[in-house]
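Below is one structure, written out as structure tokens; comments come after it.
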Amino acid sequence: MTSNNSISMATPIMPTYSRFPVTLVKGKGSYVWDDKGSKYLDFTSGIATCNLGHVPDAVKKTLEEQLQNLWHCSNLYHIPNQEKLAALLTANSCGDQVFFCNSGAEANEAAIKLARRYASKVKGSNSVQIVTFQQSFHGRTLATLTATGQEKIQHGFAPLMPGFSYLPFNDVASLEELSIIKPAAVLFELVQGEGGVIPAEPTWVQKLSQICKENDILLMVDEIQTGMGRTGTLFAYQQYSIQPDVISLAKGLGSGFPIGAIIAKEKVAKGFEPGTHGSTFGGNPLATAAGIATISHLLESNILTHVKEISVYLDQQLESLKKKYTCIKEIRGKGLLKGLVVETDALAIVKKAIQYKLLILTAGPKVVRILPPLNVTQEEINECMIALEKTFQSLEKGE
Ligand SMILES: Cc1ncc(COP(=O)(O)O)c(C=O)c1O
């Protein structure tokens, strides 16, 4: 915009986010620094993305090496890093084949497209319905916001995509409807992250899996937030004795480098043929280098065991905080995906914590969400607790 133009613009960025008054310029491990040199303890991990902490050495080195060789090439050619990452993902999950993309929404889009094509072209069925669950979050594209069981995310974007319906989460009785609807697939989270850090009940998951098997319905898990070690196993589904047909991933897969993926059983992956789906950047050499380094570190270090142990410590600390502050009603979650259900305004708590140099998140109006990096230390958790104490004390005093 030229200087003699009278229209003033506050920022050249579209207003899709309400941003906190912090400008981050540097990160290392569990810490980030702002443009004025202030240091913050980052218990958001870039919303469950920097699972190995900021700028992790293992991934940094691999990316630096890949930067010297090849950044991008088309999916019209073979990409060795892609094949290596797919091999790692399939060897460590119940899936057989992988499609790569760039984000969580794209991963779920791919899952939805695959489910529809599998139903129509492989099964020869005309039931292409997808069932998802209330309070879920699956992304911001048109199909994935339709899949998302929250009206506030869908508001203003009508007409939504046809072919979606919603059931209550964790409600065993309503699952019987699936044998009447007979959808192509169900898509669900094992801990509803954005929807309020609500873990799926094992009995509900078992029943869902059983009904899907009996009715030839694809079981698709959205592990975009729960995956990559966040809950103490590489994927959260591994704690539920189920075998999903499709797993969608993104966030932590590239340690902050954009990458998404779906892993599917071979019979389901047959729904895709050359020309049916694609992505220019999907699985490019740089993104898949980040993925290989991330997964290798998760598998070869003791980090998954560490998550199981340290999350018990975090739970204990949060439970003692709850005893001191009556506005905290419940601590819930799985592994290092934790929610504090509060009576007060969760956003006010998150804003106040920034004053004490702690970054945390909300998950809806009444839940404070805590997502430390997976290699978080006991000392860093203690530091978080001191900042949380100051936050709650200050709010109690009405400051
Ligand atoms: C469970 C889940 N699915 C999908 C998404 C969408 O991912 P992205 O923002 O990368 O499109 C998110 C993002 O928060 C998520 O938590």
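The values are calculated or read from the model by the stated rules, or taken from the named source; none is laboratory data. As the structure is a computational prediction, the values presented were derived from the model and not from experiment. Glycine also receives a Cβ, built like all others from the backbone with ideal geometry; neighbour counts cover every protein chain displayed. Quick note on the areas: whole protein, heavy atoms, side chains included, nothing else; ligands and nucleic acids left out. Shrake-Rupley method; radii C 1.70, N 1.55, O 1.52, S 1.80 Å.
Of note:
- Criterion (open to solvent by less than 70 Å² (accessible area, probe 1.4 Å), in the same structural domain as residue 221 (by TED's automatic domain parsing) and farther than 19 Å from residue 370 by Cβ) met by exactly one of 236, 289: 289
- Test: residue 76 is open to solvent by 40 Å² or more (accessible area, probe 1.4 Å), among the hydrophobic types (A, V, I, L, M, F, W, C) and modelled with pLDDT of 95 or more: yes
- In region 376-399, the residues that are closer than 14 Å to residue 351 by Cα form Cβ pairs under 7 Å with partners that are among the charged types (D, E, K, R) and part of a loop (DSSP other than H, G, I, E, B), at six or more places apart or across chains, as follows: 387/357.
- Which numbered condition residue 157 misses (of (1) more than 16 Å from the ligand (Cβ to nearest atom); (2) surrounded by fewer than 16 Cβ atoms within 10 Å (Cβ to Cβ); (3) not acidic (Asp, Glu)): (1)
- Region 181-228, residues that are modelled with pLDDT of 95 or more, open to solvent by 10 Å² or more (accessible area, probe 1.4 Å), hydrophobic (A, V, I, L, M, F, W, C) and not in a strand (DSSP E or B): 224
- On the stretch given as region 94-149, residues that are among the hydroxyl-bearing types (Ser, Thr, Tyr), open to solvent by less than 10 Å² (accessible area, probe 1.4 Å) and within 10 Å of the ligand (Cβ to nearest atom) total 3.
- Options 298, 314: the member that is touching a residue at least 60 places away in the same chain (Cβ under 8 Å), more than 30 Å from residue 85 (Cα to Cα) and open to solvent by less than 30 Å² (accessible area, probe 1.4 Å): 314
- From the list 96, 34, the lone residue that is assigned by TED's automatic domain parsing to the domain that holds residue 375, among the charged types (D, E, K, R) and touching a Lys or Arg at 6+ places or on another chain (Cβ under 9 Å) is 34.
- Subset of region 229-278 (residues that are assigned to a loop (DSSP other than H, G, I, E, B), away from the ligand (no atom under 13 Å from the Cβ) and among the small types (Gly, Ala, Ser)): 229, 232, 241, 255, 271, 275, 278
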